[in-house]
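Undergrad: Pasting a structure below so you can have a look.
Each value in this text was obtained by applying a stated rule to the coordinates, not by laboratory testing. Given the structure is predicted, the values throughout are model-derived calculations rather than measurements. Positions of Cβ are generated from backbone atoms using ideal geometry, with glycine treated the same way; all protein chains shown enter the neighbour counts.
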């Protein structure tokens, strides 16, 4: 309780101001983060309301309109099967977000449990868990994902597994480092001396205090997951036709890069904007939640 | 657009004419390394079990065959020449039931072992009479063979049960690599899946998985003066765009399988007369193969509905712009006299009626009658761009229009074949019938339930007996009648498999690559002993 008031003062967000004012201040304080949040919200909107936004079924082919350039009828043109690229890009947001959120949430949540558990129990458990994490972290994300795909096969569900697994050790390592510090805090010692159970100490006293790095990892993973899904689909190992997915669309478009560049440009742009947006948003979340960065600012 | 198209056509024609004219005047030059790009991986090195260009393009140059299609006239379905035999290809004696081959005496395997008739016999014993559990993809082509004997070290005799026109073309198949008897005896029938010891124009140097296969000139090659090349490198490049850019950028000289029209146009536009284009009809077709052991594909009504839902005529018109497919046809190579006309197919076979609305209506009726009005399944496909993924995506779209929901499951070549051959855990799979020599009666053996490479998992005695009768049919009239009967049984009554579209072969290559002539198959003319580089 003693730290609560200075926290608010330092951040100069007084209670009682209208939401619009607070929102305006936040946008001024974090303009890039706000831009990132706008992209994220736009993607979520597109993913949820894709059926209402898109003029055509993204999987329906109209062969008489193969490789038609952008026009009033087809805002972003059509692909080699005569499918509307705008509709596929919008529905592609659904695939990207679904994979991104599932992988990021599951990966970071399991990482949270492992990281906190490893730090709290320490000793041999920590030693063994960290060595296993070392092994996993020795592989670059894409290599690990490719290895997992080669074991489980391809398809959306397999891609989710392939992306989630490499996230777990990365989150666990970061969360553990914070949890190690929290474990030594007097209130944790006090809880132990009162005789609280391990679960209660972890859930009530440690986990809430490592939420900042957890949320930072979570938001960072969202962009990474989208990029990884697109990479795997581009390599033909991820989502398969006719599912609209940006990486897959980009891959299909490379054959027509000269004569019909719009086939590759739009999904490429969508991937770029989405990842950029999530990264900006993630950075802003980190700036807000990291006390050191907050103090510097 | 017209002007641009005209320029491309002129450039391609000039390229062709220039090459044709130059070929007459040019004298082959020795030296150099041919860089080939190959769009699929190598499931194994064993030609007797494989059916993929992924194997034959990089591996064929290490081996010889008893006879082969004339490399200087590969378009002809009847021009065969000796490779390991001497003189000309024998005519059948004793009423066409006995073929005697004289084996060359100057042939050695790459490990130094001299070749004798015993090696050729051991090879054909493996292909024609494989022991239980040993796969042979072309066993069905040799159903007429009664015995194989070697009266002496350099004579080989095939005795047939009855005369058949399919025998010599079957022997000329480029997959019939001749192996050393000692290798088979000492190491078993699986040894050649992972080891190479042939008598071909090139000796094996290395295979770096996922990267390349390379070979160097075999000094002891039996066709004197050949090969012209010092060596070759078959570079693995599963992505079509990578192969295309490799040729465009000069990293590769040729791709033997074929590019879609769009890729040809891009290359000609970019490189002009540095690119020569050869084109041909292609004895190759993709099939839609339902697994009859998986419900509801045990029901012919469901299988027929799948075929009915596919609009082949629309596919021919539009897919031919983006893929290496073009021609509508039945089980026989459409350009062959034994092939059924489109009109006749429309009258007798489900899915060939030009009234596609009626086809869709019938498909829906059949599915409803079979108790599967909202059928959904997974289409198993091979991870090769052209034309597998294109045709797979097209088929899914076609089925969707008939109310069938389909997901696609794509596997790289090796696991793709493992699924077809061993696991069998698929609903419907894309499969292919790509043959080397145009030999319709042998080619359609693919559809026999007992064929080693039919993955539909069913049995049908009527089909087998029709085929047996076809093998023995002497005149073209009765052959045609039996082909019709066989085709109707396969595509309509059983609907055991469905034909998509026949392929069209387009081979743009660097103009300095000389001596190679396009064939109606991407398996033919791959020994590389006639190729030279005019650099």
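Undergrad: Please give the average number of partner chain Cβ atoms lying within 10 Å of the Cβ of each residue in A:78-84, rounded to a whole number.
TA: Mean inter-chain Cβ contacts per residue within 10 Å come to 3.
Undergrad: Now a separate question. Between helix A:156-183 and chain A, what is the angle of the helix's C-alpha long axis to the longest principal axis, kept within 0 to 90° and rounded to the nearest 10?
TA: 20 degrees
Undergrad: Let me have the 222 nm mean residue ellipticity of the protein assembly as shown computed from DSSP H runs of 4+ only, each contributing -39500 (n - 2.57), with the sum over all residues rounded to the nearest 500.
TA: So the calculated ellipticity at 222 nm is -14000 deg cm²/dmol.
Undergrad: So how do B:356, A:198 line up by other beta-carbon neighbours within 10 Å, fewest first?
TA: Going from sparsest to densest Cβ surroundings: A:198, B:356.
Undergrad: Still on this structure, I have one more. Just to confirm my numbers, what's the Cα centroid distance between the range B:139-153 and the range B:465-535 in Å?
TA: Using only Cα atoms, the two centres lie 23 Å from each other.
Undergrad: How are the Cα pair distances of the range A:114-173 distributed, in percent, across 5 Å bins from 0?
TA: Per 5 Å bin, starting at zero, the Cα-Cα P(r) for the range A:114-173 comes out as 4, 20, 25, 18, 15, 11, 6, 1, 0 percent.
Undergrad: Just need the Rg to Rh number for the range B:280-504, please, alpha carbons only, Kirkwood Rh.
TA: We get a ratio of 0.93 for the range B:280-504.
Undergrad: Obtain the nm distance between the two label points defined at residue B:93 and residue A:269 by a simple spin-label model: each point lies 7 Å from its Cα along the Cα-to-C-beta direction.
TA: 7.6 nm
Undergrad: Hey, another quick one. Give me the Kirkwood hydrodynamic radius of the protein assembly as shown in Å, from all C-alpha pairs, to one decimal place?
TA: It works out to 30.1 Å.
Undergrad: Using label points projected 7 Å from each Cα along Cα→Cβ, tell me how many nm separate residue A:257 and residue B:369, to one decimal.
TA: 5.1 nm
Undergrad: Grab the beta carbon distance between residue B:421 and residue A:32, set R0 = 51 Å, and tell me the FRET efficiency rounded to 0.05.
TA: The value I calculate is 0.40.
Undergrad: Sorting B:434, A:103 on the 10 Å Cβ count, fewest up front, what's the list?
TA: Fewest-to-most Cβ neighbours within 10 Å comes out as B:434, A:103.
Undergrad: Provide the three semi-axes, in whole Å and in decreasing order, of the ellipsoid equivalent to the range A:181-252 as defined by the square roots of 5 times the Cα gyration tensor eigenvalues.
TA: Working through the eigenvalues yields semi-axes of 45, 11, 7 Å.
Undergrad: Further question on the same structure: Using 0.36 nm per residue of separation minus the Cα-Cα distance, give me the extension gain between residue B:135 and residue B:279 in nm, one decimal.
TA: 48.5 nm
Undergrad: Principal axis lengths of chain A from Cα atoms, whole Å, largest first?
TA: That works out to 76, 52, 28 Å along the principal axes.
Undergrad: Let me ask something additional. Cβ neighbours within 10 Å, averaged per peptide: list B:159-168, B:192-201 in order, most packed at the top.
TA: B:192-201, B:159-168
Undergrad: Please report, largest first and rounded to whole Å, the three semi-axes of the ellipsoid equivalent to the range B:445-524, where each semi-axis is the square root of five times an eigenvalue of the C-alpha gyration tensor.
TA: Over the Cα atoms of the range B:445-524, the semi-axes work out to 33, 17, 12 Å.
Undergrad: Hey, fewest Cβ within 10 Å first, where do B:518, B:430 land in order?
TA: Starting with the residue having the fewest Cβ neighbours, the order is B:518, B:430.
Undergrad: Would you please report the Å³ per residue occupied by the convex hull of the alpha carbon atoms in chain B?
TA: That works out to 141 Å³ per residue.
Undergrad: While we're here: Just to confirm the number: angle between the C-alpha axis of helix A:31-48 and the first principal axis of chain A, 0 to 90 degrees, nearest 10?
TA: The answer is roughly 60 degrees.
Undergrad: In degrees between 0 and 90, to the nearest 10, how far off the longest principal axis of chain A does helix A:123-137 point, with axes built from Cα atoms?
TA: Tilt of helix A:123-137: around 20 degrees.
Undergrad: Another question, then. Pop the C-beta distance of residue A:109 and residue A:25 into the FRET formula with R0 = 30 Å and round what comes out to the nearest 0.05.
TA: 0.40
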